[in-house]
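The values are calculated or read from the model by the stated rules, or taken from the named source; none is laboratory data. Note that this is a predicted model, so its numbers are computed, not measured. All Cβ positions, even for glycine, are placed from backbone atoms using ideal geometry, and neighbour counts span all protein chains on display.
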Amino acid sequence: MRNYLTIVLCSLLVLVFCQCGTVKPISQQENDGWINMFNGKDIKDWTTKIHHYEVGDNYGDTFRVEDSIIKVRYDKYEGDFNESYGHLYYNTPYSYYHLVIEYRFVGELHPGAPSYTIKNSGVMFHSQDPKTVLKEQDWPISVEMQFLAGLEEGKSRPTGNMCSPGTDVVYKGKIDPRHCINSTSKTYFGDQWVRAEAIVLGDSLVTHIINGEKVLEYAKPQIGGGVANRYDPAIKIDGKLLKEGFIALQSEGQPIDFRKVSLKNLKGCMDPKAKNYRDYYIEPDMVDCKY
């Protein structure tokens, strides 16, 4: 695990990966395992869940694709925001993976959205299935890589933080009681694109990377804590380690764009004799082996 992290972090300094002594951009590599979760055309591989609405109801066309970008917008909302927190879930759950997202904040906070959501969004992972999120449940039980942008010159507002709706994590050797843990990232202002990455290793280690720099690391994501409300009690089993789950882009009142959402699955067949063996897997899934 540590070897993979070391290789990735070194490679990110030049935004390329090394394979067999040859340096190639991700887009030029063949059979390297990267999955384009967003195809640049539509969100047919995704499912929406917005607070106050049923699963699959993309109220107000909140999540839309324009100009090869997933855009989060609120111009079709009727009235104030009304706590219509939303999430766009990729339909396939994962456990061990490397996630890459490029985002930028645009526009103004929608009227009625809480002030803390100004230039605030994120990506949820190890989330419960959207089909199990109740109509009036505000946040999915999940771990969030929080995205923030600067609001005032001279005041730090790091991005790539960790927030924990209905979950807990182990930080610096113990469960941290805070809902959000700040990263060590720089503060990014305006509408510039930011590259955010998360290396998620099941229920063990999670690493956040912003623009090529490691900014946060924690371990043992698990169900617990508060913030999530009106969930199905059968889902919230405090202390249960989160080994896998769904990945979801967030909407909470601030317009934001996502132009890249890619993932490299790190779990699979580790038998070199199998047809689908890959040397970058770090977690075995021998049931998946094909001969």
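Quick look at the numbers
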| item | result |
| --- | --- |
| PHE125 vs. criteria crowded, with 17+ Cβ neighbours inside 10 Å and in a strand (DSSP E or B) | yes |
| Conditions (1) assigned to a loop (DSSP other than H, G, I, E, B); (2) farther than 18 Å from ALA228 by Cβ; (3) in contact with a helix residue (DSSP H, G or I) (Cβ under 9 Å, 6 or more places away or on another chain); (4) not polar (S, T, N, Q): number failed by GLU153 | (3) |
| Residue in segment 99-108 that is at pLDDT 95 or above, within 28 Å of ASP42 (Cβ to Cβ) and of a type in the set (Asp, Glu) present | yes |
| Enumeration of residues in segment 237-291 that are of a type in the set (Gly, Ala, Ser) and either within 24 Å of TRP34 (Cβ to Cβ) or assigned to a loop (DSSP other than H, G, I, E, B) (or both) | GLY239, GLY245, ALA248, GLY253, SER262, GLY268, ALA274 |
| Of all residues in segment 183-232 being of a type in the set (S, T, N, Q) and touching a helix residue (DSSP H, G or I) at 6+ places or on another chain (Cβ under 9 Å), the one that is surrounded by the most Cβ atoms within 10 Å (Cβ to Cβ) | THR207 |
| Unique match (being in contact (Cβ under 8 Å) with a residue 60 or more places away in the chain and either of a type outside the set (A, V, I, L, M, F, W, C) or at positive phi (or both)) among PRO177, PRO221 | PRO221 |
| Scope segment 79-98; condition closer than 20 Å to CYS180 by Cα and surrounded by 18 or more Cβ atoms within 10 Å (Cβ to Cβ); matching residues | TYR85, GLY86, HIS87 |
| Residue in segment 12-24 that is crowded, with 17+ Cβ neighbours inside 10 Å, at pLDDT 95 or above and either closer than 27 Å to ILE141 by Cα or of a type outside the set (Asp, Glu) (or both) present | no |
| Residue ID - nearest to GLU252 (Cα to Cα), chosen from residues in segment 133-150 that are among the hydrophobic types (A, V, I, L, M, F, W, C) and part of a loop (DSSP other than H, G, I, E, B) | TRP139 |
| Residues of segment 233-291 classified as in contact with a Cys (Cβ under 8 Å, 6 or more places away or on another chain), closer than 30 Å to VAL194 by Cβ and crowded, with 19+ Cβ neighbours inside 10 Å, total | 1 |
| In segment 49-81, the residues that are within 22 Å of TYR231 (Cβ to Cβ) and touching a Gly at 6+ places or on another chain (Cβ under 6 Å) | ILE50, THR62, PHE81 |
| Selection count where residues are under 19 Å from the mean Cα position of the chain (by Cα) and assigned to a strand (DSSP E or B), scope segment 62-87 | 9 |
| Given (1) of a type in the set (Phe, Trp, Tyr); (2) over 17 Å from the mean Cα position of the chain (by Cα); (3) farther than 30 Å from ARG64 by Cβ, number of the condition PHE189 does not satisfy | (3) |
| Inter-residue pairs, beta-carbon under 6 Å, first closer than 13 Å to ALA248 by Cβ and in contact (Cβ under 8 Å) with a residue 40 or more places away in the chain and in segment 105-132, second crowded, with 21+ Cβ neighbours inside 10 Å and of a type in the set (D, E, K, R), 6+ apart | GLY122/GLU144; MET124/GLU144; PRO130/LYS49 |
